[in-house]
Amino acid sequence: VYLRNSVSPFEIADSAVSTLDSITFSGSFIFNSLSSGSYYIELKHRNSIQTWSMLPQTVTSGITFNYDFTNSIDKAFGNNLIFKGTKYCVFSGDVNQDEIIDASDISTIENDIATGAEGYLATDLNGDGFVDATDLSVADNNVANSVQLLTP
């Protein structure tokens, strides 16, 4: 997660890394160099479109801060989330991290399918440890919907 200044050019003010709980989709991110202020939250993941908070959020240094992208589509800038089950989720499929899910991502996934790739790979979009047609389907749907990064 990056915290970005609330005015253009939206420079990174601080960053933190955490592993999200696979059930609650929550994580603890500790920002060590942060001054109190108003920041956009930028969420990044190895194979997903980075997603920004809808509006800058007021953060106070040293105080616990919570933000939940999963409970409403309007938590992300440009409503750049997809509803799955009971939660709003980031779009998966940007395996090369070029801020758009497109043919180059599809090609990379297809190559890994052809070689029988397994493991913790960016092309394994559903996290089951195998790159297969299920992963390709996710990316293909997001290509068809022109999913890309949306920022202020």
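The values are calculated or read from the model by the stated rules, or taken from the named source; none is laboratory data. The structure presented is a predicted model; accordingly, all values stated were derived computationally and were not measured. Every residue, glycine among them, receives a Cβ derived from its backbone with ideal geometry; neighbour counts consider all protein chains shown. Accessible surface areas use protein heavy atoms only, side chains included; no ligands, DNA or RNA. Shrake-Rupley method; radii C 1.70, N 1.55, O 1.52, S 1.80 Å.
In segment 52-106, what residues are farther than 17 Å from ILE41 by Cβ, under 15 Å from the mean Cα position of the chain (by Cα), β-branched (Val, Ile, Thr) and open to solvent by less than 30 Å² (accessible area, probe 1.4 Å)? If the condition is that a residue be farther than 17 Å from ILE41 by Cβ, under 15 Å from the mean Cα position of the chain (by Cα), β-branched (Val, Ile, Thr) and open to solvent by less than 30 Å² (accessible area, probe 1.4 Å), then VAL95, ILE101 are the ones that fit.
Of all residue pairs spaced 6 or more apart or on separate chains, those with beta-carbon atoms under 7 Å, a first member in segment 84-103 that is free of Cβ contacts under 8 Å to residues at least 60 places away in the same chain and among the aliphatic types (A, V, I, L, M) and a second member that is assigned to a loop (DSSP other than H, G, I, E, B) and open to solvent by 60 Å² or more (accessible area, probe 1.4 Å) are VAL90/HIS45. Of the listed requirements (1) in contact with a strand residue (DSSP E or B) (Cβ under 8 Å, 6 or more places away or on another chain); (2) under 23 Å from VAL1 (Cα atoms); (3) of a type in the set (Val, Ile, Thr); (4) not in a strand (DSSP E or B), VAL138 misses just one: (2). Among the residues of segment 108-133, the ones that are out of contact with any Leu (no Cβ under 8 Å at 6 or more places or on another chain) and either within 19 Å of ILE23 (Cα to Cα) or surrounded by 13 or more Cβ atoms within 10 Å (Cβ to Cβ) (or both) come to 15 in all. In segment 1-37, the residue that is modelled with the highest pLDDT out of those that are open to solvent by 90 Å² or more (accessible area, probe 1.4 Å) and within 22 Å of TYR88 (Cα to Cα) is VAL17. The set of residues in segment 25-51 being β-branched (Val, Ile, Thr), touching a helix residue (DSSP H, G or I) at 6+ places or on another chain (Cβ under 9 Å) and part of a loop (DSSP other than H, G, I, E, B) consists of ILE49 alone. Residues that are closer than 23 Å to ALA139 by Cβ and touching a strand residue (DSSP E or B) at 6+ places or on another chain (Cβ under 7 Å) within segment 50-87 comprise GLN50, THR51, TRP52, PHE69, THR70, ILE73, ALA76, PHE77, ASN80, LEU81, ILE82, listed in sequence order.
The listed residues are THR58, THR19, and the only one of them that is of a type in the set (S, T, N, Q), at negative phi and outside any loop (DSSP other than H, G, I, E, B) turns out to be THR58.
If the condition is being part of a loop (DSSP other than H, G, I, E, B) and closer than 28 Å to SER146 by Cα, then segment 61-86 contributes TYR67, ASP68, SER72, ASN80, LEU81, GLY85, THR86.
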